[in-house]
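Structure first, commentary second.
The values are calculated or read from the model by the stated rules, or taken from the named source; none is laboratory data. Note that the structure is predicted; figures quoted are calculated from it, not measured. Note: ideal-geometry Cβ built from the backbone for every residue, glycine included; neighbour counts use all protein chains shown. SASA here: full protein model, heavy atoms, side chains in, ligands and nucleic acids out. Shrake-Rupley method; radii C 1.70, N 1.55, O 1.52, S 1.80 Å.
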Amino acid sequence: MALTVSNPDREIVEAPADSFAQATDPAVWRAALAPYAKAHWGRGLLGIATSLLPYLGLSVLMYIMVNVSVVLVLALSIPAAGFLARTFIMFHDCTHGSLLPSRRANRWVGAVLGVFVLVPFRRWRHDHAVHHASSGDLQRRGVGDIPMLTVAEYQRRSWRGRLAYRMFRSPVVMFGLGPVFAMVIGPRIATRAQRPRLRHSVLGTDLALLVVVGTLCWLMGWQDFLLVWGPAALITGSTGIWLFYVQHQFEDACWQSSEEWTFLDAALRGSSYLKLPPPLEFLTGNIGLHHVHHLNARIPNYNLQRAHNQVALFGDVPVLTLRDGLRAVRLKLWDEQQGRLVTFAQSHENAPPEALARGRLM
């Protein structure tokens, strides 16, 4: 089976492969994706202009509307949240060095955008790189991903441990309190265990936020600042957590032991293609094409769709609709026997009799 690809001008060509094994060889798919992993100044700057500038414009408009109608301010926070989410995608691409052609420009732009999305650039870049290197590996969970237990791990927990996990995985906590910790609290913490550059990134971002937020509260008043900034930020945070969730935790996702894990499987089987309506694709910067992104993180958001359309390797990947993505939230545990994510109720079906007899399962 040859790996059919298309060049950037849509001319169909055959990659040098005469079997599926050859087609999925790293040298082959890297060559197939290389044309798309090229940043463009115009498209990168346009991405910033169509994300950060609308967010700032809507924020100013919301501040003007504060004394007119609080309801209108809250209504405007919805599109503002969309453009803030798009701003995060631009920041995300900068951490991969893919938004702009210059490494220095990606670092500086990423650091500035990090202040708007409350994330220290260098630390997030490090944690996210770990995520890319370990996504789908059951033995390397815990960095840059949403905590997930296997059925066996859940069953071995005490009732307090199972209750804590159930509370954490509940939508109210994950999408309600989760953004507060993920955006506001977690990124502010610097520890001695961190490398100096990562710790300095955290402290530098904290200092910048102290100056920016302090100045805005002084100029606007802290109540008006929270009204303008808070709702949009919380909506963005909740949306971001949901996106990150469905990108790797869906029913037919691929999670494997370290011995079985491969980078290709993690990208093509363990990362979803979330097909969203065009307006949502725009606001989320095509991040729904997560299988493409995980196979080559240097492909900028504005080239992801083209790569998916033109590289035949992406012809058979897990596809989720918006409805599928919403339904995936009910999945809580990885069932190693069935090789899929299951609900708490489904996890009882294969529970050991002794566990059921002792009433250990909740």
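Check 177, 113, 100 and return the single one that is not acidic (Asp, Glu) and not in a helix (DSSP H, G or I).
100
State the number of residues belonging to region 39-78 that are open to solvent by 50 Å² or more (accessible area, probe 1.4 Å) and of a type outside the set (A, V, I, L, M).
Of the residues in region 39-78, 5 are open to solvent by 50 Å² or more (accessible area, probe 1.4 Å) and of a type outside the set (A, V, I, L, M).
Report those strands (runs of 3 or more DSSP E) wholly inside region 266-356 carrying at least 3 residues which are under 24 Å from residue 88 (Cβ atoms) and open to solvent by 10 Å² or more (accessible area, probe 1.4 Å).
Correct list: 319-321.
I'm checking my understanding of the structure. Among residues of region 1-35 that are assigned to a helix (DSSP H, G or I) and within 14 Å of residue 312 (Cβ to Cβ), which one is modelled with the highest pLDDT?
Applying the filter and picking the extreme gives 33.
Output the residues belonging to region 235-272 that are farther than 23 Å from residue 335 by Cβ and of a type outside the set (A, V, I, L, M, F, W, C).
Once the filter is applied, which keeps residues that are farther than 23 Å from residue 335 by Cβ and of a type outside the set (A, V, I, L, M, F, W, C), region 235-272 yields 236, 237, 238, 239, 240.
Within region 186-204, identify whether any single residue is open to solvent by 20 Å² or more (accessible area, probe 1.4 Å), on the phi > 0 side of the Ramachandran plot and out of contact with any His (no Cβ under 6 Å at 6 or more places or on another chain), and answer yes or no.
Within region 186-204 (the criterion being open to solvent by 20 Å² or more (accessible area, probe 1.4 Å), on the phi > 0 side of the Ramachandran plot and out of contact with any His (no Cβ under 6 Å at 6 or more places or on another chain)), the answer is no, since none of the residues qualifies.
Identify all residues within region 153-172 that are open to solvent by less than 50 Å² (accessible area, probe 1.4 Å) and within 24 Å of the chain's Cα centre (by Cα); write none if there are none.
Matches in region 153-172: 165, 169, 170.
Conditions: (1) modelled with pLDDT of 95 or more; (2) surrounded by 17 or more Cβ atoms within 10 Å (Cβ to Cβ); (3) polar (S, T, N, Q). Residue 134 meets all but one. Number of the miss?
Result: residue 134 fails condition (1) only.
Would you mention how many residues in region 229-265 are in contact (Cβ under 8 Å) with a residue 60 or more places away in the chain, outside any helix (DSSP H, G or I) and acidic (Asp, Glu)?
2
Could you tell me which numbered condition residue 128 fails, if it satisfies all but one of (1) in a helix (DSSP H, G or I); (2) modelled with pLDDT under 95; (3) farther than 19 Å from residue 199 by Cα?
If we test residue 128 against (1) in a helix (DSSP H, G or I); (2) modelled with pLDDT under 95; (3) farther than 19 Å from residue 199 by Cα, just (3) comes out false.
(1) farther than 19 Å from residue 341 by Cβ; (2) in contact (Cβ under 8 Å) with a residue 60 or more places away in the chain; (3) among the aliphatic types (A, V, I, L, M): which one isn't true of residue 213, the others all being true?
Exception for residue 213: condition (2).
Can you tell which of 255, 222, 261 is farther than 19 Å from residue 145 by Cα, open to solvent by 20 Å² or more (accessible area, probe 1.4 Å) and aromatic (Phe, Trp, Tyr)?
The conditions single out 222.
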